[in-house]
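Below: one structure, written as structure tokens.
Where a number appears in this text, it was derived from the coordinates with a stated rule and is not lab data. What you are looking at is a predicted structure, and each value in this text was computed from that prediction instead of being measured. Please note: Cβ atoms are built from the backbone with ideal geometry, for glycine as well, and neighbour counts cover all protein chains shown.
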Amino acid sequence: MLLPPLLLDTLREIYQRQGSALSASPLRTENQLLLLIEALPEVSHATLETLLMSYSRAKASLPINLAYLLALEGEILNLLGVTSAVRPLFTPPVVQTLQNYLPWFRTVSQIVQNSLGSALVRNYWLLTRPADPWLRTIPVEIFYTEQVLPRDRYLNNHQQERLQTWLEQFMLYCSRLVPSLPAEATAAGIPVPPQLLKAA
């Protein structure tokens, strides 16, 4: 069973970059990739497709979360039975603002709000907020209503990571109450914690 062409291209790109340490010959690498896909059990094919779709959506969406993309690459290669320690030596900085993250937070809030209501959404944002003084300066209302306008600000790497962690913790918590959350978030191009991708 082969992957759809676009997903195969995405996998080829990941494998050629990460698997370059495994083989000096591109043709051998390509053949290895096809053999690895064919050797996967049926159930793993579906997981591989889900991971690749998440990767493609995350790569195309803003803000670009490089750490998340690398984590997905690792999950994909692990699924194929390939372990590569290859990582870029230098990642160019990506300037992000709080405003860039709001579409993800608002979309996830809307998915949960459709099932549980806005009062619970507010409580779950507060409940899952990591213990970080900077995050306490963000009013959670900006995540589920456009009537509250956020004060935009540039984010350093630590702040971006903390926002990503908050989003992941919210999704992990709420996915127990809204089982469709991982699939709906994935369809919207939102980075979903890898442990929820199997459920998506």
Would you calculate the separation in nanometres between label points at residue 34 and residue 56, each defined as 7 Å from the Cα along the Cα-to-beta-carbon direction?
-> 2.0
Added length on full extension, which subtracts the Cα-Cα distance from 0.36 nm per residue, residue 12 to residue 172 = 54.6 nm
For residue 44 and residue 137, extending 7 Å from Cα along the Cα-Cβ vector and measuring point to point gives, in nm, a value of 4.7
Among 183-196, 32-45, what's the highest-first ranking by average C-beta atoms within 10 angstrom per residue?
-> 183-196, 32-45
Mind checking the full-extension length gain between residue 118 and residue 152? Use 0.36 nm per residue of separation minus the Cα-Cα distance, one decimal, nm.
-> 9.9 nm
